[in-house]
Amino acid sequence: MADVGFPRAGDLGTGNLGTGDLGTRGLGGGLDKLVAPRSIALVGASDRAGSFGQRTQTNLARFTGDLYLVNPKREEIDGVLCYPTVADLPVAPDCVIIATPRETVEPVLDQCIARGAGAAVIFASGFSEVGRPELVALQERIAAKARTGGLRIAGPNTIGHINYGIGAGLTFMDGIYLDLGIDAAPETRSIGLVSQSGALGIGITQAMQIGHFFSHALTCGNSCDVDIADCIAYLARDPAAKVIAVNFEGHADPRRVEAACKIASDADKPVVVFKMATGESGAVAAASHTGSLAGAHETYRSMFEHAGAVMVDEYEALLETAAFFAKARPNQGAGVAVVTGSGGAGIMAADAAEAHGVALPQPAPDLLERLKARLPEFGATANPCDVTAQVLNDMGSLIECADGFLERSEYGALVNFHLFSNDVALRRIPIFDELGGKHGKMICTIWLSPWPEAPGSRELIAAPNTALFRSTDRCFAAFAAWRRWLARGDLTATADAAAPAGSRAAAAALLKAADGTVLGERAAKPVLAAYGIETVGGAPASSAGDARAAADEIGYPVAMKLDADGLAHKTEAGGVALNLGDGDEVAAAFTAMMASAKAAAPEAVIHGVLIQRMAEKGVEIVIGGKADPVFGPVVVVGIGGTLVEVLRDTVAAPAPVTGAQALRMLDRLRLSDMLNGVRDLPAVDRAALAQAVARVSDLLADFPDLIAELDVNPVICRGAEILAVDGLIVTRSKE
């Protein structure tokens with residue numbers, strides 16, 4: 001195969017990737033010789049059937065560069081000269097594949113460094129993944145040698161990677177249909193695949209059998225050097241990959257992955273991520289409400305969105321969504337037109353659209369007249385538009401209806417259904433696709449036939465303006481994600497109000513002066529106020545008489561709250577009494593509260609109570625966060641009140657966040673419609689609430705080593721009034 005012009009080693013450079021001069025060890029830096037080598041040496045070459053060496057050599061049969069075989073026991077294999085060692089090679093290879101046992105890896109790597117090789121792929125397993133100290137140390141040692149020697153490593157414990165543009169199958173996997181990918185037209189090899197799981201990643205490439213083609217398939221193995229962030233950043237600057245599909249498990253340093261996704265976003269290249277490991281069992285041992293609700297999976301979701309990436313919820317959605325993004329061209333249409341010959345399918349589409357917040361704009365008067373002229377009276381001239389089986393067989397009428405929708409700016413795509421395969425259905429595929437191309441909009445075809453590879457499936461995948469989905473839900477989820485991706489610039493274009501001058505210094509003094517590690521409401525609220533969070537003041541009282549006097553001064557009704565150090569949850573200790581209407585109620589509540597608190601929390605230091613005015617009713621929100629061992633500071637917002645841990649309707653994100661990012665977090669709440677006003681409560685000013693979330697996130701980000709958990713619950717929201725009526729801060733030990 002001739003070189004088709006894909007970048008090769010040295011063509012892409014190792015410098016600026018959009019975040020400063022990253023150098024050869026920065027994100028995606030120095031990977032050219034690993035991913036796009038001009039020469040490859042295969043150590044462990046073999047003609048033994050089924051061996052890693054033999055299978056890898058087969059996968060390199062169409063490599064457009066130079067291939068050298070290394071085996072000290074053979075002079076040649078299949079007519080190709082063998083060299084005894086890497087040191088004996090006539091040139092320093094760009095990349096060395098080490099297909100030998102674990103015990104030989106380190107000495108072979110030493111030879112690679114001495115010979116001046118640029119990269120190595122290590123297949124061998126049995127390193128840090130085993131957990132034995134000596135094997136962890138071995139992996140760390142080879143990684144350190146590679147750093148010193150200027151060599152990049154993929155692996156160990158990797159199945160390798162593929163660059164289809166240069167015919168480089170640097171993998172021992174078989175059944176991967178390399179020739180299909182290599183022979184595909186370069187413009188169709190549009191999806192760059194990155195996977196932490198080798199088998200799941202390379203397995204996706206079998207989709208080439210049905211017409212999905214890849215520019216690269218990169219897997220990570222143990223990632224002792226090159227990791228998933230490097231791979232994303234590399235593909236972000238490789239023009240062969242129009243979209244990056246990522247099969248993701250997790251990362252010890254999520255900020256690297258976030259930075260890589262931002263590089264891709266800045267390059268206007270979509271990153272579609274499937275994140276496995278959704279369980280939140282680790283997020284339970286916390287003193288505050290928000291500490292237990294800051295789940296890693298949702299934090300990753302926010303991180304990816306804020307970095308300009310798209311997260312899908314199903315492995316099956318990864319390829320479909322990536323293929324849609326690879327073909328879709330930007331347009332102004334935020335809504336979808338549904339054209340179908342099945343009323344039932346139209347109902348399914350409407351349900352999915354509502355679930356994903358996708359608008360189905362109804363036809364404007366001029367379009368309505370065009371539809372009426374073409375549809376029988378028993379058809380539906382609405383959206384979804386039921387053209388009936390009669391029109392499905394009348395190509396002229398069908399084209400007129402579809403064209404009418406597609407030419408309107410409010411429709412960003414047209415959805416139709418492939419219910420069964422026949423000659424008429426096959427004839428519709430190029431007609432719809434041509435209409436999509438004419439208007440620069442996608443035709444989203446939902447395949448509902450239980451015959452998955454019936455005639456038409458390959459044609460739909462191959463059509464340049466058509467995306468095939470095997471699920472109505474995934475279709476509308478992909479469209480909604482695409483519209484969010486097109487609007488991702490809104491997450492940085494924000495007019496955030498700055499935190500008050502001196503807020504950090506004021507909060508630092510308050511935090512360091514506080515007694516103990518659990519700061520109750522009286523100590524926590526001044527810290528919040530330093531960052532511009534409006535709080536409800538309170539009068540302290542240490543006796544029933546003092547409580548009565550304070551309540552008389554404030555005016556009824558009042559709230560009474562326990563004032564204690566070392567007590568995380570007042571409610572559970574009987575430490576909250578609301579709507580107290582007179583002095584007798586206040587005195588009785590004080591006596592009962594003291595008895596209850598001493599019984600429930602005998603270790604707490606009880607100062608008395610705080611008497612506060614009762615806040616007006618509003619939507620109760622919780623804002624808080626914690627210091628996460630993986631992400632660092634994490635901010636949380638959700639539906640608050642006493643049922644916060646029952647509802648568990650919260651969204652978490654790495655801190656700090658902007659006001660625009662906080663708005664996106666609010667939109668993701670299941671009960672976000674509560675912010676629009678419920679019953680007799682006014683609508684919440686979302687922008688004002690988002691600014692409060694941003695200010696709390698600033699506080700968390702400013703003190704990552706001091707604040708362990710923070711909880712503001714409830715925050716009473718009425719219109720633009722965002723009022724914190726309670727607060728709790730858990731600090732790290734000051735020793």
Matching option when the condition is at pLDDT below 95 and open to solvent by 40 Å² or more (accessible area, probe 1.4 Å), among Asp179, Asp174, Asp183: Asp174
Residue list for region 64-79, restricted to those being under 38 Å from the mean Cα position of the chain (by Cα) and under 14 Å from Ile97 (Cα atoms): none
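Only one of these is free of Cβ contacts under 8 Å to residues at least 24 places away in the same chain and either more than 15 Å from Gly574 (Cα to Cα) or in contact with a Cys (Cβ under 6 Å, 6 or more places away or on another chain) (or both): Pro629, Pro633, Pro654, Pro602. Name it. So that I can check it myself, show each step before the final result.
Numbers: Pro633 fails: free of Cβ contacts under 8 Å to residues at least 24 places away in the same chain; Pro654 fails: free of Cβ contacts under 8 Å to residues at least 24 places away in the same chain; Pro602 fails: either more than 15 Å from Gly574 (Cα to Cα) or in contact with a Cys (Cβ under 6 Å, 6 or more places away or on another chain) (or both).
One residue alone meets the criteria, Pro629.
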Unique match (being among the hydroxyl-bearing types (Ser, Thr, Tyr), out of contact with any helix residue (DSSP H, G or I) (no Cβ under 9 Å at 6 or more places or on another chain) and open to solvent by 10 Å² or more (accessible area, probe 1.4 Å)) among Ser409, Ser421, Ser342: Ser409
One residue from Ala143, Ala168 being under 21 Å from Asp32 (Cβ atoms) and either charged (D, E, K, R) or surrounded by 22 or more Cβ atoms within 10 Å (Cβ to Cβ) (or both): Ala168
Which numbered condition Ala259 fails, given (1) more than 23 Å from Phe123 (Cβ to Cβ); (2) open to solvent by 20 Å² or more (accessible area, probe 1.4 Å); (3) part of a loop (DSSP other than H, G, I, E, B); (4) modelled with pLDDT of 95 or more: (3)
Residue list for region 592-632, restricted to those being closer than 30 Å to Ala690 by Cα, open to solvent by 20 Å² or more (accessible area, probe 1.4 Å) and either assigned to a loop (DSSP other than H, G, I, E, B) or among the polar types (S, T, N, Q) (or both): Met614, Ala615, Glu616, Lys617, Pro629, Val630
Criterion violated by Ala241 - all others in (1) touching a Gly at 6+ places or on another chain (Cβ under 6 Å); (2) open to solvent by 10 Å² or more (accessible area, probe 1.4 Å); (3) of a type in the set (A, V, I, L, M, F, W, C) satisfied: (2)
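Of the residues in region 83-110, how many are farther than 17 Å from Pro156 by Cα and open to solvent by 10 Å² or more (accessible area, probe 1.4 Å)?
9
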Answer residue from region 337-391, given it is touching a Phe, Trp or Tyr at 6+ places or on another chain (Cβ under 6 Å) and among the β-branched types (Val, Ile, Thr) and is nearest to Phe417 (Cα to Cα) among those: Thr340
Residues located in region 262-283, provided they are part of a loop (DSSP other than H, G, I, E, B) and modelled with pLDDT of 95 or more: Ala267, Asp268, Lys269, Pro270
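Among the residues of region 381-391, what is the count of those that are buried (at least 21 other Cβ atoms within 10 Å of the Cβ) and more than 16 Å from Tyr411 (Cβ to Cβ)?
So the count comes out to 2.
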So Gly192, is it at pLDDT 95 or above, more than 12 Å from Leu319 (Cα to Cα) and buried (at least 23 other Cβ atoms within 10 Å of the Cβ): no
The listed residue being in contact with a strand residue (DSSP E or B) (Cβ under 7 Å, 6 or more places away or on another chain) and more than 21 Å from Phe469 (Cβ to Cβ), out of Ser397, Ser302: Ser302
Residues of region 219-234 classified as free of Cβ contacts under 8 Å to residues at least 60 places away in the same chain and open to solvent by less than 10 Å² (accessible area, probe 1.4 Å), total: 1
Output for region 551-569, where each listed residue is in contact with a helix residue (DSSP H, G or I) (Cβ under 8 Å, 6 or more places away or on another chain) and closer than 19 Å to Ala615 by Cα: Ala551, Asp552, Val558, Met560, Lys561, Leu562, Asp563
Checking Asp366 against (1) open to solvent by 60 Å² or more (accessible area, probe 1.4 Å); (2) part of a helix (DSSP H, G or I); (3) closer than 30 Å to Val271 by Cα, the condition it does not meet: (3)
Any chance Cys231 is among the hydrophobic types (A, V, I, L, M, F, W, C), assigned to a helix (DSSP H, G or I) and under 18 Å from Val35 (Cβ atoms): yes
Residues satisfying the stated conditions in region 146-158, i.e. open to solvent by 10 Å² or more (accessible area, probe 1.4 Å) and more than 19 Å from Ala36 (Cβ to Cβ): Arg147, Thr148, Gly149, Asn157
Only listed residue being on the phi < 0 side of the Ramachandran plot, in contact (Cβ under 8 Å) with a residue 40 or more places away in the chain and crowded, with 17+ Cβ neighbours inside 10 Å, chosen from Leu689, Leu669: Leu689
Filter pass, Ser697 being in contact with a strand residue (DSSP E or B) (Cβ under 8 Å, 6 or more places away or on another chain) and open to solvent by less than 50 Å² (accessible area, probe 1.4 Å): yes
Residue list for region 430-447, filter: open to solvent by less than 20 Å² (accessible area, probe 1.4 Å) and either over 20 Å from Phe405 (Cα atoms) or not basic (Lys, Arg) (or both): Phe432, Asp433, Leu435, Gly436, Gly440, Met442, Ile443, Cys444, Thr445, Ile446, Trp447
Members of region 294-318 that are hydrophobic (A, V, I, L, M, F, W, C) and within 8 Å of the chain's Cα centre (by Cα): Met303, Phe304, Ala309, Val310, Met311, Val312
Number of the condition not met by Ser471 [criteria: (1) within 30 Å of Met442 (Cβ to Cβ); (2) among the hydroxyl-bearing types (Ser, Thr, Tyr); (3) surrounded by 19 or more Cβ atoms within 10 Å (Cβ to Cβ)]: (3)
The one condition in (1) open to solvent by less than 50 Å² (accessible area, probe 1.4 Å); (2) at pLDDT below 95; (3) not hydroxyl-bearing (Ser, Thr, Tyr) that Phe378 fails to fulfil: (1)
Pairs, first on the phi > 0 side of the Ramachandran plot in region 191-218, second of a type in the set (Gly, Ala, Ser) and surrounded by fewer than 22 Cβ atoms within 10 Å (Cβ to Cβ), C-beta under 6 Å, six or more apart: Gly211/Ala462
Search result, residues across region 202-228 that are in a strand (DSSP E or B), of a type outside the set (Gly, Ala, Ser) and under 17 Å from Ala462 (Cα atoms): Phe213, Phe214
Condition check for Ala559: part of a strand (DSSP E or B) and surrounded by 20 or more Cβ atoms within 10 Å (Cβ to Cβ): yes
Residues located in region 478-523, provided they are among the small types (Gly, Ala, Ser), closer than 30 Å to Ala322 by Cα and at pLDDT 85 or above: Ala478, Ala480, Ala481, Ala487
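The values are calculated or read from the model by the stated rules, or taken from the named source; none is laboratory data. A quick note: this is a predicted structure, and the numbers were derived from the prediction, not measured. A quick note on method: Cβ atoms are made from the backbone with ideal geometry, for glycine too, and the neighbour counts reach across all protein chains shown. Keep in mind that these areas ignore ligands, DNA and RNA; they rest on the heavy atoms of the full protein, side chains included. Shrake-Rupley method; radii C 1.70, N 1.55, O 1.52, S 1.80 Å.
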